[in-house]
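Right, one structure below, let's go through it.
No value in this document is a laboratory result; all are computed from the given coordinates. Since this is a predicted model, take the numbers as computed values, not measurements. When we count neighbours, we look across all protein chains shown, and the Cβ atoms used for this are built from the backbone with ideal geometry, even at glycine.
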Number of protein chains: 2
Amino acid sequence: MRYDKNWKSLYFPDFSPFERLDPERGIMLMSADMFAPDGDFPQEVKDAIHRAVDDDLLHYPSGRVQADFEAAVAQKLADFNQIRLDENTRLLTVPGSAFGLFLSIRVLVDPNRDSEVINFTPTFAENMNDVTMMGAKNVFCPLSAENGYQIEVEQLERCVTANTRCIVLTHPANPIGTVYPRETLEKLADMLRRRDLFVVVDQVFERSVYDGREYTTFASLPGMAERTLTVFGPSKELRLSGLRIGYVVGPAELIDKMRVAANNYVGLPNPLSMVACAEAYRHLEYTEQWRRILENRRNKAQKILDAIPNVSCPLPPAGFSFWLDVSRLGSSDEIVAYLVEHAQVGVGPGHWFGINCDGYLRVMFACYKDDETVYEACRRIAAALKKFQGLA
Amino acid sequence: MRYDKNWKSLYFPDFSPFERLDPERGIMLMSADMFAPDGDFPQEVKDAIHRAVDDDLLHYPSGRVQADFEAAVAQKLADFNQIRLDENTRLLTVPGSAFGLFLSIRVLVDPNRDSEVINFTPTFAENMNDVTMMGAKNVFCPLSAENGYQIEVEQLERCVTANTRCIVLTHPANPIGTVYPRETLEKLADMLRRRDLFVVVDQVFERSVYDGREYTTFASLPGMAERTLTVFGPSKELRLSGLRIGYVVGPAELIDKMRVAANNYVGLPNPLSMVACAEAYRHLEYTEQWRRILENRRNKAQKILDAIPNVSCPLPPAGFSFWLDVSRLGSSDEIVAYLVEHAQVGVGPGHWFGINCDGYLRVMFACYKDDETVYEACRRIAAALKKFQGLA
């Protein structure tokens, strides 16, 4: 059969180990969909969807739906990101941030012409697959636990070649939650200018930052609006993952090209998703409420996991997940299989997130509405990993 | 600025001529979104969305939402397409048929490695852009008015080279509405077998077939399920264009690869769109009702347009649009501009649809709920084109 051979090397998570979880007792700490599988969405957002359905807004989005959405987004960008939309800096709405990320990387590379894209690892598996699928080359810049997974710009610059077309930065970092200090980002900005490079910044976790940390939107640094494509995912901040809506902000020249591609690939956005998103931006009190729930949950759950002998669980500065170091116990796959069997808990093996990530586990703590379910899962993980070591 | 140079040659419709339409009097015969911009969607579908919102089905689709959607689709495929889903033939749900078309072509080519994709012209502009953007080469097989835009398999076979990776067939043809007789499709099937080729069939207009014509699903022909990726767009048959949902059916090996890509690019489908689509499949009485409205409207509107001196407007056997031959009057752009100015009507210039299509206009007749608006637009077109020729 003739198909693109690049796809042979794609990374696709193997979910088969989790089929052995008991339907009653099993707990999956896996979803990036906040509080999934539990419901309880803001009534204001649900009412907005009801109204849109009653108003027959089921066609391609009308001018009114688009204008309302864009006004809400422009306000948010001004308030939270210090980004102003104007003739040089434009907005593209996409069905989910993953698609925005793909289009952003895609516009910057030439497929199968030696284009290179730099990804920090650990990273989000999709970022690597996107590059592979479009016929470009992944270049990895490994971050290290020793310095808290901070970026070393000198190390990054050593990854740059004449073929480098962009750097992908997830900020806060996915899955490890690093928040980068302004000085690091300024140093990165200097390097981009010096080497005439673009950056694609995935900011889907920008509102899930803990401990009062300052968060800097990279594109708001002087001169960076013209070198940055920023991908936003209201799915996380507004809890609309299921409704598949996201947007990209960047230089007009690139956004206009991406818009042609978006029109071709997916057409206009879903009007119900636009309406829900615009309404959710008018009720950011929920976002702050959820952030506080997650921060509190993170604090308590981390204590349970970090107390496991020979396991280390740093407090993530942001995001939805722990990055658990189990390397002294065994490989990721070995521990994942053991936890399914002995704790009835599903977590993601480190190698889903790139090279030199074996021996780690991604443990999502944003799943389920009820804190107690997550604590129960963590207690089971702790008990099982003690048993694994013959300590219980 | 460094970006993929392939994008320079992308075909992007220029909508600026239509900005001169009067907001009050102007009529756009352009949208493929049935009855847009008017509302009036089936209450059953609207109720299903209301229920899903009340039930908090706003996360990534649950197993129940997916199972219900897949059961409705499987039933439709069995009843209407004589296609059975099984271990060899699988289903992939996508956010709109355009994305399904892209993924289907994409899985079959190697970007920038001389892969060729054959498109019949006139065709849907997206089909050509998809090929360009993925770094493959468009090969055009022009259909001709003389034989009613039927496929000549001998002519098609002369387009095949060692680099041909697939043939794209829109059936009924978009924008010209041709329905291919079973014998033609069987001849095409023979050729595919003989040359070991794949076909991607876009069937979004499969339910908008007029005059009691028989419609054959290509993949249902003996041996073709394994050589065909069929793209379905319930947006047209169920009038859910705005909700962005479609699906692809094909050989398990290819569908599984496309699923990896779909997960990367767009994640899981929107649950509200899945729920709406499943419910709409339980009320196909609307589909038949709309088909009859369009058939009747086509019959009357065609008489108005075909009566214009020196203009020819064949009755389209299927679909939402007329393919008006104005070549004896002038270029597409010239006539489009004249109609904006003198008829206050917007129609698509032929060159949007590929090579050797200048001198044609695509006139959508599926727009607006009210037949009379479309007849009024056609009468204005007729009056303006007589005036253009000094005949009125």
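Legend: ranking of residues B:Met191, A:Met258 from fewest to most surrounding C-beta atoms inside 10 Å; resulting order B:Met191, A:Met258. Comparing A:Gln302, A:Gln43, A:Gln82 in a Gaussian network model of chain A where C-alpha atoms under 10 Å apart are linked, the largest mean-square fluctuation is found at A:Gln43.
Placing unit charges on the Cβ atoms only, positive for Lys and Arg and negative for Asp and Glu, gives the range B:322-392 a dipole magnitude near 160 debye about its Cα centre.
I'd like the FRET efficiency for B:Lys300 and B:Glu152, computed as 1/(1 + (r/R0)^6) with the beta carbon distance as r and R0 of 51 Å, rounded to 0.05.
On the way: r = 32 Å, r/R0 = 0.64.
Here the calculated transfer efficiency is 0.95.
Could you work out Rg/(2.2 N^0.38 Å) for chain A, with Rg from alpha carbons only?
Values: Rg = 21.0 Å, N = 392, 2.2 N^0.38 = 21.3 Å.
The value comes to 0.99.
Within the protein assembly as shown, the proportion of C-alpha pairs whose separation exceeds 39 Å stands at 38%. Shielding by partners for peptide B:57-66, expressed as the average number of C-beta atoms from other protein chains within 10 Å of each residue's C-beta, is 5. Around the Cα centre of the protein assembly as shown, unit charges on the Cβ atoms of Lys, Arg, Asp and Glu (plus for the first two, minus for the last two) sum to a dipole of about 960 debye. The shape of the range B:8-139 comes out oblate: with a ≥ b ≥ c from the C-alpha gyration tensor, a/c is at least 1.5 while a/b does not beat b/c.
Here the gap between B:Asp114 and B:Asp371, fully extended at 0.36 nm per residue and compared with their Cα-Cα distance, gives a gain of 87.8 nm.
Which entries of B:Lys303/B:Lys369; A:Lys76/B:Lys257; A:Lys303/A:Lys369 show an alpha-carbon separation above 27 angstrom in the structure shown?
Beyond 27 Å between Cα atoms: A:Lys76/B:Lys257.
Only bridges whose two residues both fall in the protein assembly as shown count here: according to DSSP, what percent of them are antiparallel, nearest 5? Intermediate results must be reported in sequence, preceding the final value.
Values: 36 of 76 bridges.
Of those bridges, close to 45 percent are antiparallel.
Counting neighbouring beta carbons within 10 Å and listing from fewest to most, the residues B:Lys257, A:Lys300 come out as A:Lys300, B:Lys257. Cα centroid separation, the range B:202-274 to the range A:170-184: 40 Å.
Calculated FRET efficiency, A:Arg291 to A:Ala145, Cβ-Cβ distance, R0 = 22 Å: about 0.30 to the nearest 0.05. Residues of the range B:366-392 with an amide N closer than 19 Å to a point placed 7 Å from the Cα of B:Glu341 along the Cα-to-Cβ direction: B:380-392.
For the peptide A:103-116, the mean number of other protein chain Cβ atoms found within 10 angstrom of a residue's Cβ is 4.
Available extension along the chain between A:Ala307 and A:Asp55 is 85.3 nm, counting 0.36 nm per residue and deducting the alpha carbon span. Among B:226-235, B:343-352, B:365-374, the peptide with the highest mean count of other Cβ atoms within 10 Å heads the list, and the full ranking is B:226-235, B:343-352, B:365-374. For the range A:3-106, the list of trypsin sites (Lys or Arg not before Pro) that fall in a loop by DSSP and count at most 13 other C-beta atoms within 10 angstrom reads A:Arg25, A:Arg84. Here r is the Cβ-Cβ distance between A:Ala252 and B:Arg25 and R0 is 35 Å; the resulting FRET efficiency, rounded to 0.05, is 0.60. Find which of B:Phe198, B:Asn127, A:Ala74 sits farthest along the positive direction of the dipole of the protein assembly as shown, computed with +1 on the beta-carbon of Lys and Arg, -1 on that of Asp and Glu, about the Cα centre. Looking along the dipole axis, the top candidate is B:Phe198.
Taken about its Cα centre, the range A:100-191 carries a charge dipole of about 240 debye when Lys and Arg each add +1 at the Cβ and Asp and Glu each add -1 at the Cβ.
Distance between the modelled labels on B:Asp79 and A:Cys159, one decimal in nanometres: 5.3 nm (7 Å Cα→Cβ projection). For the peptide A:270-277, the mean number of other protein chain Cβ atoms found within 10 angstrom of a residue's Cβ is 4.
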